[in-house]
1. Got a sec to turn the phi values of the stretch 69-74 into Karplus ³J(HN,Hα) couplings, 6.51 cos²θ - 1.76 cosθ + 1.60 with θ = phi - 60°, whole Hz, x for Gly and Pro?
2. Through the Karplus equation 6.51 cos²θ - 1.76 cosθ + 1.60, θ set to phi - 60°, convert the phi angles of the stretch 131-143 into ³J(HN,Hα) values in whole Hz; use x for Gly and Pro.
3. What Kirkwood radius, in Å to one decimal, follows from the Cα pairs of the stretch 48-149?
4. Per residue of the stretch 230-239, in order, report the coupling 6.51 cos²θ - 1.76 cosθ + 1.60 (Karplus, θ = phi - 60°) as ³J(HN,Hα) in whole Hz, putting x for Gly and Pro.
5. Please arrange Met170, Met112, Met159 by how many other C-beta atoms lie within 10 Å of their C-beta, fewest to most.
6. Suppose the chain between Ala215 and Ala52 were pulled fully straight at 0.36 nm per residue; how much longer would it get relative to their current alpha carbon spacing?
7. Averaged over every viewing direction, what's the projected area of the C-alpha convex hull for the stretch 80-214? Give it in nm², one decimal, please.
8. Quote to one decimal, in nm, the extra length available between Glu178 and Glu133 on full extension: 0.36 nm per residue of separation minus the C-alpha distance between them.
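Computed from the coordinates by the stated procedures, all read-outs in this text should not be read as laboratory data. The structure displayed is predicted, hence computed values, not measured ones. Don't worry about glycine lacking a Cβ; one is built from the backbone with ideal geometry, like all the others, and counts go over all protein chains shown.
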Amino acid sequence: MQRNRIILIVLSAAFIIILYQLPKVVVNNEQESVLPDSAMVSPADPHEGPTATVQTSINRMRKGFSKTSSGEKNAIFADSLADLYAAAGRFDSAAWFAESAAAFFGTEGSWMKAGNSYYQAFTFAMDPVKQNELAEKARDFFGRVLQRNPSNLEAKTNMAMTYLASSNPMQGITLLREVLAQDPRNEGALFNLGMLSIQSGQYDRAIERLNELVAVNPAHVQAQLLLGVAYMNKGDKKSARLQFEKVKELDKDPAVQATADSYLKDLR
């Protein structure tokens, strides 16, 4: 597979980073095995600096926030700053402020927001040490969510993906399988298992997972595009071509159109 060309994921910059950083995980029906991945790609940060409006809002909110205060007003400022820093593409800062807000609120929603913020920061981190630190933070908050609400499958799915880039990737596979056991139509688990199967070269398994997903949600553009990649790498050019043409019908975004066109060109 032409790995450094899976730009499909101009649809989701975080996804392409995860795909390239993950170890090769072989996902089978009966068993799984993990193989080391020697090729690591470091995509450039796709985010530009914050707009003037966002930066002005950040500056204003920072004046109202105090690191030494733990009151409700301060937590509200922290929660707003988390959103603003996320909008600015400063995910480490967004996670720090989300954690600060969660420390006061202590609710499932605030823990989920902090976990997702650290998860987002993790997906964009290039340094392995930093990745590990952010992944541990994300798992801590997702763990709190699951302790209070075991049925929160988004938390379990995102926690699984942090394990896949760790020294214990099989824990991630186990969690994803648990999600599908609870909800066989879960889009996040199906998508991630399909992605991992492609990343490990198991194209038939990937096609199976991704077809299950697009049956649940035909408008899932990422899944439709990834399904085309799986068919292409399997050598089924006809099916791949149909998939990329379907993607062009589903999403008229110029970046998506260009990505689909680039694959169609390779199929000629």
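1. Going residue by residue, I get 9, 10, x, 5, 4, 5 Hz, with x marking Gly and Pro.
2. My calculation for the stretch 131-143 gives 3, 4, 4, 5, 5, 5, 4, 4, 4, 4, 6, 5, x Hz in order.
3. 13.7 Å
4. 5, 4, 4, 6, 6, x, 8, 5, 4, 5
5. Placing the least packed residue first, the sequence is Met170, Met112, Met159.
6. 54.4 nm
7. 8.4 nm²
8. Separation in residues times 0.36 nm, less the Cα-Cα distance, equals 13.7 nm.
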